[in-house]
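Colleague: This is the structure, below, for whatever I ask next.
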Amino acid sequence: MMEIRRIREGTRRRYACMDCLHRETLYEVSADVYKELREAKRSLQLFTSLFMAYQQRNIKESKDTIPCERCVHLGERGCDLEIPEALTSGASGCSAFFNPKPEESLQE
């Protein structure tokens with residue numbers, strides 16, 4: 001054992017292997033702190049799953065609304081302006097997009 005230190009939440013113990021120099025830190029906390037940490041972990045997992053679902057929905061929506069097919073700059077070999085995001089979800093919101101017939105985009 002290298003070191004034992006009292007911290008606000010409990011005790012921190014640092015260990016080190018003298019042969020391979022591997023180090024490890026263990027924290028000892030009270031049952032109340034442990035319960036708070038588990039609740040925080042659950043909240044973070046819930047937030048992460050909600051965020052990932054939101055991201056997936058946005059990716060699907062952006063794929064459904066890629067405007068390149070209606071843009072005057074779309075040629076036989078892709079974007080005439082050589083915009084690398086052409087025909088990808090990154091193309092939504094393209095500042096060079098121009099649709100001479102905007103009513104076509106509303107009918108879809």
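Values in this text are rule-based calculations from the coordinates and carry no lab data. Just so it is clear, the structure is predicted and the values come from calculations on it, not from any experiment. Here the Cβ positions follow ideal geometry from the backbone for every residue, glycine too, while neighbour counts run over all protein chains shown.
Colleague: Would you mind counting up the charge near V29? Only other residues with Cβ under 15 Å from its Cβ, with Lys and Arg at +1 and Asp and Glu at -1.
Modeller: Around V29, the charge tally is +3.
Colleague: Something else: Could you give the nm distance between label points at V72 and E36, where each point is 7 Å from its Cα heading toward the beta carbon?
Modeller: Each label point is offset 7 Å from its Cα along the Cβ direction, giving 6.2 nm.
Colleague: Return, ordered by residue number, the residues of region 12-36 whose backbone nitrogen is under 13 Å from a label point located 7 Å along Cα→Cβ of L44.
Modeller: Once the point is set 7 Å along Cα→Cβ of L44, 36 turn out to lie under 13 Å by backbone N, inside region 12-36.
Colleague: Tally Lys and Arg at +1 and Asp and Glu at -1 over the other residues with C-beta under 10 Å from the C-beta of R13: what net charge comes out?
Modeller: Net of charged neighbours comes to 0.
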